[in-house]
Structures are given as structure tokens and as C-alpha cells.
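Asks: Could you have a look at this structure, given as C-alpha cells, before my questions?
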Amino acid sequence: MSLAMDSSLDSRPPPPLASMLQGGPVALFLDFDGTLVDLAPGPDAIEPVADLGQRLRALAERLEGRCALISGRAIVDIERHLGELPTAAAGSHGSDRRDATGESLGPGPTGLPLAIESRLRKFAGQNDLEYEHKPHGGALHYRRNPEMGERAVVFARDLAGECGWAVQEGKCVIELVAEQAGKGEAVLAFMNEAPFVGARPFFLGDDLTDEAGFKMCEGLGGAGVLVGEREGTCARYRLSDVEAVHEWLGL
């Protein structure tokens, strides 16, 4: 299932969704930040478009339920901004999964031990970074202080290696997560459940952490759709920005 990253793949827009649906069932997996909402200086500063939750409900109905949000955010965090989610969702980098009725799928995320979180918080405080507690781990945000990015990445990698955790790198953020966390695993879990079984899966995302989702969808007969500009991706298609995503989805 492994696919070599190729920056030449991210130049074509995907076919219109309506035409794809004419070819059979389609499943959509949607990242949140940078895909459905524009990135912001901090995780709490995002400004989703009005009624985004209701628009996603209409999209899910159009797809007969084969639509899921897969985000690095916790599900409860997304719901703070959108209200109760009308779709299946996997938060915490795919480690916290639930179906459209809210029923949990799997054991749920593993939180950081207090000793590790304390070291991350201390590092953030000493280096003018923002620490974000998450159910599945902890994140160092350096968007407001980008010159500290390299130091934050080195610190997080060293800490993860020392403590037996993994790291997920994104745009101006690095997170410590459990080894089993990943968006590709979330896609696979959903594809083994109704109503996703047998559909062609497509993953829309903008960040490095979405590459696992792209690869999984490609391996299952679908494809990835990169949002924005980034070198080195296994996504077959590309959309320019959040506005283009909304237009393609018909939101």
C-alpha cells in the first residue's frame, strides 16, 4: 500500500463530485483545519462559516452517510465550534472514532502521562510557544513564534523517543501521540463499517498528517485530495484552498 511521494501528482482538481457519484458509492473523509476551515494563529481562533454543521449534514445525506471528519482535534473540540456533529468522526488523529449516531468505535484515545505533559508545558512556557492539551497527547504550536519551530521539533522528537511515544508534525505544530494514532487507520476502520463498506474512499486534507489518509484511500481504490500548496505528496488531486473545497463539496 505504500506510495512514493510525488509533488507532480498535486496539480489536477478532482472530477466533479456529482460525476463521481454516478460511478457508484463514494466515501468522503474530511480533515478540519486548513480543509473545512481556514487556519488561524491559534487553535481557538478559527472562524468556521455560518451553519457549517448543517451544511455537512446535507452533504452526509447526499452521500447516504458515507462522510466522516478525521482531524487532529478532539471531537469535543470540533463540536465547540460547530455544535453536535451530524456525521461520523474520528478526532485525536483518528484514535477517537465514532459513527454518525455518536456510538464509539474502538477503545478511544490514550492520554499523555502527567510527567510528559509537564515537560511539554514547561518547554512551551520557556520558549513563548502555545501548549495544547489533547485527549490523545499534547501539541506545541509555534505559529506565533516560528523561529522556535526547529527547536520545538527537536525537543518533541527527543522526548517522544525517550518516552516511547510518536510524533505528528503539521503546519507550525508538533504533537506527541500514541504509537497507534493515525488517520490512515481511522479510514480503514470506517471502511470496514456500514455504510462505508464497498465505497470508493477519498480523503481531503492539507497537512503532512493527512498523507496517511491519502495512502490508505489510494490503496482502497480511491485517492487523496491535497488542499493548498505543498511539496511532496501522494495525493492524486489538488484543490487550491478552503473556499475551493466548499465549492467542490457543494457546501
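Asks: Can you name the condition, by its number, that Ala166 falls short on among (1) crowded, with 22+ Cβ neighbours inside 10 Å; (2) over 20 Å from Ala100 (Cβ atoms); (3) among the hydrophobic types (A, V, I, L, M, F, W, C)?
Replies: (1)
Asks: Right, another one. Would you kindly identify the helices (runs of 4 or more DSSP H) lying entirely within region 72-165 that contain at least 1 residues that are over 21 Å from the mean Cα position of the chain (by Cα)?
Replies: Ranges flagged: 114-126, 149-163.
Asks: So which residues in region 21-40 are surrounded by fewer than 16 Cβ atoms within 10 Å (Cβ to Cβ) and either outside any loop (DSSP other than H, G, I, E, B) or within 19 Å of the chain's Cα centre (by Cα) (or both)?
Replies: Leu21, Gln22, Asp38, Ala40
Asks: From the residues in region 169-192 that are in a helix (DSSP H, G or I) and of a type in the set (A, V, I, L, M), which one is surrounded by the fewest Cβ atoms within 10 Å (Cβ to Cβ)?
Replies: Ala189
Asks: State which residue pairs qualify: first residue acidic (Asp, Glu) and inside region 14-42, second residue assigned to a strand (DSSP E or B) in any location, beta carbons under 7 Å apart, and separation of 6 or more residues or different chains.
Replies: That search, which allows pairs on different chains as well, returns Asp31/Ile70; Asp31/Leu204; Asp31/Gly205.
Asks: For Phe214, which of the numbered conditions (1) surrounded by fewer than 21 Cβ atoms within 10 Å (Cβ to Cβ); (2) assigned by TED's automatic domain parsing to the domain that holds Arg57; (3) not charged (D, E, K, R) fails to hold?
Replies: Here Phe214 clears every test but (1).
Asks: Assuming Pro43 fulfils every condition listed in (1) surrounded by 15 or more Cβ atoms within 10 Å (Cβ to Cβ); (2) assigned to a helix (DSSP H, G or I) apart from one, which condition is it?
Replies: So Pro43 meets the others, but not (2).
The values are calculated or read from the model by the stated rules, or taken from the named source; none is laboratory data. What you see is a predicted model, and the numbers here were worked out from it, not measured in a lab. Please note: Cβ atoms are built from the backbone with ideal geometry, for glycine as well, and neighbour counts cover all protein chains shown.
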